[in-house]
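The next block holds one structure in the form of structure tokens; read it before the comments.
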Amino acid sequence: MTVSEVDTLARAMAVPAAAALDEDAFRAFYERTARGLWAYLSRTSGSAEAADDLLQESYLRLLRCGVAFESEDHRRHYLFRIATNLALDRRRRPATLPLPEHEIAPPAAGPGDPAGLLALRADVRRALGRMKPRERAMLWLAYAEGSSHEEIGRVLGVRAAGVRVLLFRAKRRLRQLLGRGGGGRQR
Amino acid sequence: MIGARCPREAEVIRRGRVGRRPDEGSELADHLASCPACAETAALAAAFRAEREGACPEGHLPSAGLLWWKAELRRRHERARAATHPIVVACLAALVALLIAAAGLAARMAPEARGLLGRLAGAAPRSIPFPGLDLGLLGHPAILLAATAALVLAPVAVVLALSRD
């Protein structure tokens, strides 16, 4: 089962969110979210090792936070917010950090990957490696997670109106890095 | 794909989020065919999602049980720290107060102690070098030294107690 399928299934089942997680509920929540969070962290932080550490710390902090969550989505956004803050704290020093060479290597073909998608994946990966962590996070949340502006705002601690502007800039930068223009000022 | 280049961009991404392509001949499929911005958005969203799916197997995910156990350990550690901190601080403060009180009482009440202090201070100057300043017993160099040491060490002890992990 792919990550998207797990997500879709979890949403369809409308998992009730308990104010405090017991161990079984945590295990189920972890199974539903860990792989997606790891992918987010590895691609926004640019390091698989960092993603391993950040993932653990994110869940530990989530378990410690004591917030009463309204829903599964609320808890998930909160988890991504914790992870984002940890990743940004870790990367405060350099404004951009290119992904390591092995990370930029062309991605392995999946069973349903047509050649064009595979090439675009490689281009996207390379472009992300040259962007700022916050830009990566925004684009990932928008495209890979399919989050709305409001959801991105909750994760990154930015108002939805601000997300719109920042996302616009991030997308324009992505277009430039992908060699698709985007120098215009269309909004 | 940029911002509001096309108002249907969000719809295109949302459709991709659940892994559904628009049905052939549907209105959205027609729109994708005629709108370069949305077509590009759909392609990029597909690339990001494929990247997400492809990235997942690389992760060395710890088990949920291990994380739960670590969180429990942290909780216990924090509870223990929270419970013992005030006790440690109170003990230190009490100890310092006790020492100061004991020194003061000994100097004031026991003639023997006075004699001993006098003998100890025999080699030292009889009073502090501030003309016109009379501090009584505190004017004695040995007592003054002890009080100064207590005043300096007490905050240090408190800082150490608070910073100890």
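Throughout, read-outs are computed from the coordinates displayed, never taken from laboratory work. What you see is a predicted model, and the numbers here were worked out from it, not measured in a lab. Heads up, the Cβs are rebuilt from the backbone with ideal geometry, glycines too, and the neighbour counts pull from every protein chain shown.
Determine the sum of side-chain charges near A:Arg81: Lys and Arg each +1, Asp and Glu each -1, restricted to other residues whose C-beta is under 11 angstrom from that of A:Arg81. Walk me through the intermediate numbers first.
Numbers: positive: A:Arg61, A:Arg75, A:Arg76, A:Arg154; negative: A:Glu151.
Taking every Cβ under 11 Å from that of A:Arg81, the sum is +3.
How long is the gain from A:Glu49 to A:Asp22 if the chain were fully straight, where each residue apart is worth 0.36 nm and the alpha carbon distance is subtracted?
6.9 nm
Residues with beta-carbon under 14 Å from that of A:Ala160, excluding A:Ala160: net charge, scoring Lys, Arg +1 and Asp, Glu -1?
Numbers: positive: A:Arg154, A:Arg159, A:Arg164; negative: A:Glu150, A:Glu151.
Net local charge, A:Ala160 excluded: +1.
Would you order A:Ser42, A:Ser47, A:Ser71 from fewest to most other beta-carbon atoms within 10 Å of each residue's own beta-carbon? Let's see the in-between values first.
Values: A:Ser42 25, A:Ser47 20, A:Ser71 12.
Listed from fewest to most nearby Cβ atoms, that is A:Ser71, A:Ser47, A:Ser42.
Based on the mean of other beta carbon atoms within 10 Å per residue, what is the order of A:157-163, A:34-40, B:8-14, most packed first? Before the final figure, lay out each step's value.
Details: A:157-163: 14.7, A:34-40: 24.0, B:8-14: 18.6.
In decreasing order of mean packing, A:157-163, A:34-40, B:8-14 become A:34-40, B:8-14, A:157-163.
For segment B:46-95 and segment A:36-70, compute the distance between their C-alpha centroids and round to whole Å.
That distance is 11 Å.
Could you list log10 I(q)/I(0) for segment A:121-187 at q = 0.17, 0.20, 0.24, 0.27 Å⁻¹, which the Debye formula gives when each Cα is one point scatterer?
Computed log10 I(q)/I(0) values: -0.57, -0.77, -1.05, -1.22.
So for B:Arg74, A:Arg136, fewest C-beta neighbours within 10 Å to most, what's the order?
Ascending Cβ contact count within 10 Å gives the list B:Arg74, A:Arg136.
Once both labels are modelled 7 Å past Cα along the beta-carbon direction, what's the B:Ala29-B:Glu78 spacing in nm?
That separation, rounded to one decimal, is 5.3 nm.
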